[in-house]
Amino acid sequence: MQKREQGKSGGSGGGNAAPPPKRGRPFGSTAASVASASAADSVAPSTLLGPSLQIHNSFSVEQNNKRIVLALQSGLKSELTWALNTLTLLSFKEKDDMRKDACLAKIPGLLDALLQIIDDWRDIALPKELRKGQRTRTLGANSVITGFGNEYEALGSIALLPHSGLGPGSAAEISGQKNTSKRRRSEWWLDEDGLFNLDDEGRAEKQQCAVAASNIIRNFSFMPENEIAMAQHRHCLETVFQCIEDHIVEDEELVTNAIETIVNLAPLLDLRIFSSPKPSYIKITEKRAVQAIMGMLGSQVKAWHCAAAEFLGRMIINPDNEPLLLPFVPQIYKRLVDILSLQAFDAQAAAIGALYNLVDFNMDCRLKLASERWAVDRILKVIKTPHPVPEVCRKAAMIIEHLASDPQNRTSLLAYENAFAEILFSDGRHSDTFARILFELTSKPNNKIAAARGIWGM
């Protein structure tokens, strides 16, 4: 937690030229985060994923990279647990020399092996009642033997085969057998789950391994040397976006790791990768990817809609992504205005950051945001409260300045002239910004009404 808080505080105090800071796991990202944070030191090692593990200082990833990848690919419980624990410790260490070796580029096949663990869980994660219904088998319905193991049910009768050698007196016995063994075998076939299904314990282990693998990928996304490799890895992005798309039924921790991963990769992410000739493992399109983020933006989970807002704010900076986001801009800024009404400071900061980039790069959003109900009121409230992070207040003032720079917004913004003048004289930190705003609203020659009134009400 100290590492993540330091990352946040270190990024908020930088200037405009500083790159967007990496975000840590927000408070409340999981339902049990508060309880787990307070009881982290008291949890017994036996309740964690496998036994507790400590890596000796002489441990070298370069000498063990093949063993780690093979252990992940083996599927053996002991080897898989060792590899996941090792990678978790290596990827989480902040200021350690051996953490420099935990680079995806230096370990060939590591990212694919981790993604395979998540894919294995995804294959069995969706409950049967939520799956698409089985197709009715009609092939061979008019023949005695269908080839699907349900020849009696296909005809809807209990007629015996002529060469069975059984008399008519045993029809009831055969009917009873059909209702038990035969029907059970046909149900096995129609279910198509195979003979080696996992029990509840096996499913829980698969789920736990998938969450651990997603946490490792999330930790890797914080390392600058891994950003390019992960942002250009189509399988990685497809798996992450699929987890986000199924956030309603998917494991909560897995979804949180996925959304935090793409937030870290957002400055380098180009959505056109989903239509590139690179091999595709999951058919994710650009539209589905944006729709998945929109689903997270509309979520009631604070950590999820905050991360989605931050992701969209970073994505719009890339001009190649702007055409893909334009159809969703009206939904985006309306939802961001709703988030501003929340009392949570981190939610307000995420919404202000996204709106700041939207109005800076998109003229349509700049025109419509000024006329959106409660938008300017809530932005001003962030400044007047004020928000504990000065950078958020500065961006909120800059949003209003961007709105005032468009002549079509002056009529709607003049209703807030007194509020702007109050901040101008009461808050020295934003006085220059609101002075420029009032100048834009009242001193332009093409606005006769505003020029007559002036900022003094003349």
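The values are calculated or read from the model by the stated rules, or taken from the named source; none is laboratory data. Just so you know, these numbers come straight off a predicted model, no measurement behind them. Note that each Cβ is placed from the backbone with ideal geometry, even for glycine, and that neighbours are counted across all protein chains shown. The accessibility values were calculated without ligands, DNA or RNA, using every heavy atom of the protein model including side chains. Shrake-Rupley method; radii C 1.70, N 1.55, O 1.52, S 1.80 Å.
Judged by the mean number of other Cβ atoms found within 10 Å, the most tightly packed of the peptides 354-361, 322-329 leads the ranking 354-361, 322-329. In terms of accessible area, using a 1.4 Å probe and ignoring ligands and nucleic acids, THR88, THR81, THR385 rank largest first as THR385, THR88, THR81. Rounded, prolate or oblate: pick one for the range 203-324, where a ≥ b ≥ c are the square roots of the eigenvalues of its C-alpha gyration tensor, a/c under 1.5 means rounded, and failing that, prolate if a/b is larger than b/c, else oblate. Because its axes are fairly even, with a/c under 1.5, the range 203-324 counts as rounded. Full extension of the segment from ILE124 to ASP112, taken as 0.36 nm per residue of separation minus the current Cα-Cα distance, would add 2.4 nm. Accessible area ranking (1.4 Å probe, heavy atoms, ligands and nucleic acids excluded), largest first, for TYR281, TYR416: TYR281, TYR416.
LYS381 exposes around 120 Å² of accessible area when a 1.4 Å probe is run over every protein chain in place. Based on alpha carbons, the Rg and Dmax found for the range 326-444 are 13.1, 40 Å.
Keeping every protein chain in place, order MET296, MET398 by accessible area at 1.4 Å, biggest value first, i.e. largest first.
Details: MET296 0, MET398 40 Å².
From most accessible down to least: MET398, MET296.
Only protein heavy atoms count here; under a 1.4 Å probe, TRP304 has an accessible surface of about 20 Å².
Please report, in debye to the nearest 20, how large the charge dipole of the range 326-444 is about its Cα centre when each Lys and Arg carries +1 at its beta carbon and each Asp and Glu carries -1 there. Present the calculation step by step, with values, prior to reporting the outcome.
On the way: 14 positive and 14 negative charges, 32 e Å.
So the dipole magnitude of the range 326-444 works out to roughly 160 debye.
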